[in-house]
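**Student:** Quick one: structure below, then a few questions.
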Amino acid sequence: MTKTVNHWIGGKTVEGTSGQYGPVTDPATGQVTTQVALASVEEVDAAVAAAKAAYATWGTSSLAQRTAVLFRYRALLDAHRDDIAALITAEHGKVHSDALGEVARGLEIVELACGITTQLKGELSTQVSSRVDVSSIRQSLGVVAGITPFNFPAMVPMWMFPLAIACGNTFVLKPSEKDPSAANLLAELASEAGLPDGVLNVLHGDKIAVDGLLNHPDVAAVSFVGSTPIARYIHATASANGKRVQALGGAKNHMLVLPDADLDAAADAAVSAAYGSAGERCMAISAVVAVGAIGDELVAKIRERAEKITIGPGNDPASEMGPLITAAHRDKVASYVTGAAAQGAEVVLDGTGHTVEGFEDGHWIGLSLLDKVSTDSDAYQDEIFGPVLCVLRVDTYEDGVALMNASPFGNGTAIFTRDGGAARRFQLEIQAGMVGVNVPIPVPVGYHSFGGWKDSLFGDHHIYGNDGVHFYTRGKVVTTRWPDPADAPAGVDLGFPRNH
């Protein structure tokens, strides 16, 4: 009998009642291993109702109570790192070391949430006028929702709900239906840590569940990470319903390599950033921009390294890259490589025919390297989300920056150079939200915020860090005037000398 992943609502597993299920596949074998319940509108309502009921007490709970739960939660997550990573590998396909890294980055935000007391401090100005004080405080929103992608089934949810609940909100998480099990384990461990029932709920589903959350009157805010078209839809729909929205979209991240760069370091970085996690990450470097005469040497070094990458099942310690999430996605990624030559690119490495012995039905694709790619080609224009690296050639630094700034995306970017002045100019002139200097994937640490510009972000707030705290709270300003106790009414003696 096929295993079923059900919802987690009100502190317990709740079996799906819609009668609709989605397949969950092991990408290494191509076999359906699990089915996931897909929520109906009624089940969306039930999850939101559980969160709303829990907010009545969690929203007024003390900071000490909340942080005590989060400290216990952090310890449980640490103890169960391997269990969470194993679920990620089984359903997403990424290698175990990648999965462990994902859990570690999620833990950073749990640790930030443990220290939420300092983030929620207000401000006070005294005597702004005669006997008048003004204070600013931040309060929780209520029920908030998170809609998360398949490529980081543990990390991205942990970028959202720990801060949200630390701020006093309750949460409904709608993870990807392609790899849902990690989200349930995260919720179960939170319950074990003492999180009250209903504070964190996991609702599995497809567009019905998403639209149900976007349109629900009791959902105050929505966090989303995914592709740009869906991010745009999430932002427009939720905003039209009066909700606060942070919607992180897709990317086409560039790495500018100047002629003075350490080409060995740049090639190492390009390979790890383009092909790590099989390229299925929004911070992957998918376009290397080579400046001047270094292009041939850089491409040769990238090829040399890429050819040595071992591809295989994620639970094999020898594997350095696993399969793609679905066969359909594998075929779509491959189409960009097979069509690249016709659009003027030089196909240096073609990974489209790759298979793994003993796992022939897995969603395999090898590493592809395309050189001399034009900016009007499909391989450059689209977010491929797979192990395909494009190399573009430019004559000057200025040409490279102009090319990169012309992209509609502005998520992450990097420059490789030994020159501090060039790096300083780049970080000021490039139109992207996250910049790396000799760092290929500049994902900020938890106490700084993650987010892009242009079509990579819809909404005003980046995720986690200070922006995350501000997103999950709203400001209130209180102006107070108290009469002087010396002016107390007749018959009331507070022990102060009378003013009159």
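**Student:** What is the calculated FRET efficiency for ALA265 to GLU357, with r their C-beta to C-beta distance and R₀ = 41 Å, to the nearest 0.05? It would help to have the intermediate numbers written out before the result.
**Tutor:** Working: r = 34 Å, r/R0 = 0.82.
E between ALA265 and GLU357, to the nearest 0.05, is 0.75.
**Student:** Also, I was wondering about something else. Please compute the modelled spin-label separation between GLU192 and ASP395, points set 7 Å along Cα→Cβ, answer in nm with one decimal.
**Tutor:** 6.3
**Student:** A further question on this structure: Would you mind checking which residues have amide H under 5 Å from LEU200's amide H? H placed 1.01 Å from N; only 5 or more apart, or other chain.
**Tutor:** Placed amide hydrogens put PHE171 under 5 Å from LEU200.
**Student:** Suppose R0 equals 22 Å. What FRET efficiency, 1/(1 + (r/R0)^6) with r the Cβ-Cβ distance, do THR57 and LYS3 give to the nearest 0.05?
**Tutor:** Numbers: r = 34 Å, r/R0 = 1.56.
The computed FRET efficiency comes out at 0.05.
**Student:** Hey, another quick one. Under 17 Å Cα-Cα from LYS121, which aspartates and glutamates qualify once same-chain neighbours fewer than 8 residues away are excluded?
**Tutor:** Once the sequence-local aspartates and glutamates are set aside, what remains near LYS121 is ASP133, ASP467.
**Student:** For the range 1-145, taking Cα atoms only, what is the radius of gyration to one decimal and the Dmax to the nearest whole Å?
**Tutor:** Over the range 1-145's Cα set, Rg and Dmax evaluate to 21.1, 75 Å.
**Student:** Order the following by accessible area, largest value first: GLU42, GLU297. Probe radius 1.4 Å; ligands, DNA and RNA are ignored.
**Tutor:** Reading off the accessible areas and sorting them downward yields GLU42, GLU297.
**Student:** Using the Karplus curve 6.51 cos²θ - 1.76 cosθ + 1.60 with θ = phi - 60°, what ³J(HN,Hα) values do you get for each residue of the range 445-453, in whole Hz, with x for Gly and Pro?
**Tutor:** 5, x, 8, 10, 9, 9, x, x, 10
**Student:** Is any residue of the range 141-181 close enough, with backbone N under 18 Å, to a label point placed 7 angstrom from the Cα of ASP460 along the Cα-Cβ axis, and if so, which?
**Tutor:** Those under the cut-off are 141-142.
**Student:** Label the range 155-250 by shape, choosing from rounded, prolate and oblate, from the square roots a ≥ b ≥ c of the eigenvalues of the Cα gyration tensor; if a/c is under 1.5 it is rounded, and otherwise prolate applies when a/b is larger than b/c, oblate when it is not.
**Tutor:** prolate
**Student:** Heavy atoms only, 1.4 Å probe, whole protein assembly: order TRP453, TRP8 by accessible area, highest first.
**Tutor:** The ranking, largest first, comes out as TRP453, TRP8.
**Student:** Mind checking which of VAL144, ALA90, SER176 is farthest towards the positive end of the range 57-209's charge dipole, using Cβ charges of +1 (Lys, Arg) and -1 (Asp, Glu) about the Cα centre?
**Tutor:** The residue sitting farthest along the positive end of the dipole is VAL144.
**Student:** With +1 on each Lys and Arg Cβ and -1 on each Asp and Glu Cβ, how big is the dipole of the chain about its Cα centre, in debye rounded to the nearest 20?
**Tutor:** For this selection, approximately 1740 debye.
**Student:** If you roll a 1.4 Å probe over the chain with all protein chains in place, what percent of the accessible area is carbon or sulfur?
**Tutor:** About 52 percent, which is the carbon plus sulfur part of the accessible surface.
**Student:** Taking the alpha-carbon set of the range 443-483, what are its Rg and Dmax in Å?
**Tutor:** 15.3, 53
**Student:** Any chance you could look up the accessible area of ARG138 with a 1.4 Å probe, heavy atoms only, rounded to 10 Å²?
**Tutor:** Rounded to the nearest 10, the figure is 80 Å².
**Student:** Could you tell me whether the range 380-500 comes out rounded, prolate or oblate from its Cα gyration tensor? Rule is a ≥ b ≥ c as square roots of the eigenvalues, rounded for a/c under 1.5, then prolate if a/b exceeds b/c, otherwise oblate.
**Tutor:** Prolate is the answer for the range 380-500, as a/c is 1.5 or above and a/b outweighs b/c.
**Student:** Starting from the amide H of GLY93, placed 1.01 Å from N in the peptide plane, find each other amide H under 5 Å away whose residue is 5 or more places distant or on another chain.
**Tutor:** For GLY93, no residues qualify.
**Student:** Residue by residue through the range 475-482, what is 3J(HN,Hα) from phi via Karplus (6.51 cos²θ - 1.76 cosθ + 1.60, θ = phi - 60°)? Round to whole Hz and write x for glycine and proline.
**Tutor:** So the J values, rounded to whole Hz, are x, 9, 10, 10, 10, 10, 10, 10.
**Student:** Between the range 347-390 and the range 452-484, what is the C-alpha centre distance in whole Å?
**Tutor:** For the range 347-390 versus the range 452-484, the Cα centre distance is 41 Å.
**Student:** Hey, another quick one. Ignoring ligands, DNA and RNA, how do CYS282, CYS390 rank by accessible area with a 1.4 Å probe, largest first?
**Tutor:** Listed by decreasing accessible area, they come as CYS282, CYS390.
**Student:** What ³J(HN,Hα) values, in whole Hz, does the Karplus curve 6.51 cos²θ - 1.76 cosθ + 1.60 give for the range 311-325 when θ = phi - 60°, with x put for Gly and Pro?
**Tutor:** Along the range 311-325, the couplings run 9, x, x, x, 8, 8, x, 7, 6, 10, 8, x, x, 7, 5 Hz.
**Student:** In addition: Could you compute how much accessible surface ASP395 exposes when probed at 1.4 Å, giving the result in Å² to the nearest 10?
**Tutor:** Near enough 130 Å² of accessible area.
**Student:** Next up: Could you provide, to the nearest whole Å², the per residue accessible area of the chain with probe 1.4 Å?
**Tutor:** Per residue, the chain has 40 Å² of solvent-accessible surface.
**Student:** Please give, to one decimal in nm, the separation of the simple spin-label points placed at LYS372 and THR338, each 7 Å out from Cα toward the Cβ.
**Tutor:** 2.4
**Student:** What area, in nm² and to one decimal, does the C-alpha convex hull of the range 314-360 cast on average over all directions?
**Tutor:** The Cα convex hull of the range 314-360, projected and averaged over all directions, gives 4.1 nm².
**Student:** Any chance you could run the full-extension gain for VAL132 through ALA490? It's 0.36 nm times the residue separation minus the Cα-Cα distance, nm to one decimal. Write out the running numbers ahead of the final one.
**Tutor:** Values: separation 358, 0.36 × 358 = 128.88 nm, distance 2.35 nm.
Gain on extension, VAL132 to ALA490, equals 126.5 nm.
**Student:** May I pose another question? Looking at (1) 62, 52, 48; (2) 90, 55, 46; (3) 94, 63, 40, which value of Cα extents along the principal axes in Å comes from a calculation on the structure shown?
**Tutor:** Looking at Cα extents along the principal axes in Å for this model, the match is (3).
**Student:** Follow-up. Under the rule of at least 5 residues apart or a separate chain, name every residue whose amide H is placed under 5 Å from the amide H of VAL391.
**Tutor:** For VAL391, whose amide H was placed from the backbone, the distant partners under 5 Å are VAL288, LEU370, ASP371, LYS372, VAL373.
**Student:** Highest mean first, what order results for 484-490, 430-436 on Cβ atoms within 10 Å?
**Tutor:** Numbers: 484-490: 9.9, 430-436: 20.7.
Packing order, densest peptide first, comes out as 430-436, 484-490.
The values are calculated or read from the model by the stated rules, or taken from the named source; none is laboratory data. Quick caveat, the model's predicted, so the values are computed rather than measured. Quick reminder, even Gly has a Cβ in these numbers, built from the backbone with ideal geometry, and neighbours come from all protein chains shown. Note: accessible area is taken over every heavy atom of the protein model, side chains too, but ligands, DNA and RNA are not part of it. Shrake-Rupley method; radii C 1.70, N 1.55, O 1.52, S 1.80 Å.
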